[in-house]
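The values are calculated or read from the model by the stated rules, or taken from the named source; none is laboratory data. All figures in this text were calculated on a predicted structure; none of them were measured in a lab. A quick note on method: Cβ atoms are made from the backbone with ideal geometry, for glycine too, and the neighbour counts reach across all protein chains shown. Protein only, heavy atoms only, side chains kept; ligands, DNA and RNA dropped before computing areas. Shrake-Rupley method; radii C 1.70, N 1.55, O 1.52, S 1.80 Å.
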Amino acid sequence: MATIAAMNKLPAFCPATLALATLLAGHAFAAPSAQLLDAVKKPQAIDPEWRTRLCALLPQPCDPQELGLYRMRGASASDFAVLSAEPLAMARVRRDKDAKAWQLERLHDFSAYVASMKKDASAGLSDTRLSLAPALYPVAEGQWAMAVLQTVSEMYSGGGASFSKADFVPLDGTSAVHEGIPFSCSKMIRACFSEKEYKNSKHCHDESSGSLRIAYEEPGRPGGPYSWQYTWLQSEWPSDTPASGATTTRLHFTARTTERVGFCGGPQ
């Protein structure tokens, strides 16, 4: 009986140990996530003149063809976000159904950041398209940034490629918190050139695509910036290979080791 009692006896914890365990449990870090913006599929059904009317709310000059209308997840039916490439800006707007008018709630203008980029002769922006990714990225508690994408495109006979890097700029800031991070890529090169090859090949292109994933870890000090952890996913689908033969690789990297990223063979 003594042996059984000894086996069933639970270990005792002193009050100090229990207090420490409770403190640590209460300090558990709740990792944030990016807030995605969903594209409105048929904005003309909301307002046939939405491009012109929303451009009028943005800094000028504004190109109506460079606008995109989005909704923030969880927002009310009357709240929208508009992304503009010219000027580079994001605006939160509201649609008044009764008055059939758009109201500007808040403007985040990245024109100053673009101007600072153009001052850098090494930026090579002449062949680069600037745009904003449709998402908000957590920088610190209550602070968000957008990805200013710099995209270079290449055209091939029967194919093409696109390579995008991102500078993450706070909504109300003029300098990036993270720069030159590989964001996405795609590349397709034709591998069939004769009727016979097109007829017999399992796949007539060499294709690759890649994209960035970000995980957010606890800041080093209270109220400080989150630690960003980067992962690159890249898929390869060789020519004359069935879709089942495509492969995907996963690579962890840092802002100092971006050259390790495959980037679909694009410029680093």
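Structure above, values below:
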| item | result |
| --- | --- |
| Surface share of carbon and sulfur [accessible, 1.4 angstrom probe, percent] for the chain | 54 |
| Residues whose placed amide H lies under 5 Å from that of Ala135, excluding near-sequence neighbours | Leu37, Ala147 |
| Listed residue (Leu37, Cys55, Ser76) projecting farthest to the positive dipole end of the chain, Cβ model | Ser76 |
| Per residue value of the accessible surface for the chain (all protein chains in place, 1.4 Å probe), Å² | 60 |
| Selected from Pro138, Pro59, Pro242 as most flexible by GNM, with the chain as the system and alpha-carbon contacts under 10 Å | Pro242 |
| Residue among Gly220, Gly68, Gly173 with the largest mean-square fluctuation in a Gaussian network model of the chain, springs linking Cα atoms under 10 Å | Gly220 |
| Cα radius of gyration and Dmax for the chain (Å) | 25.1, 89 |
| Net charge of neighbours whose Cβ lies under 13 Å from the Cβ of Lys165, counting Lys and Arg as +1 and Asp and Glu as -1 | -2 |
| Solvent-accessible surface ranking, highest first, for Thr254, Thr241 at 1.4 angstrom | Thr254, Thr241 |
| Where Rh is the Kirkwood radius over Cα pairs, Rg/Rh for the range 141-268 | 1.11 |
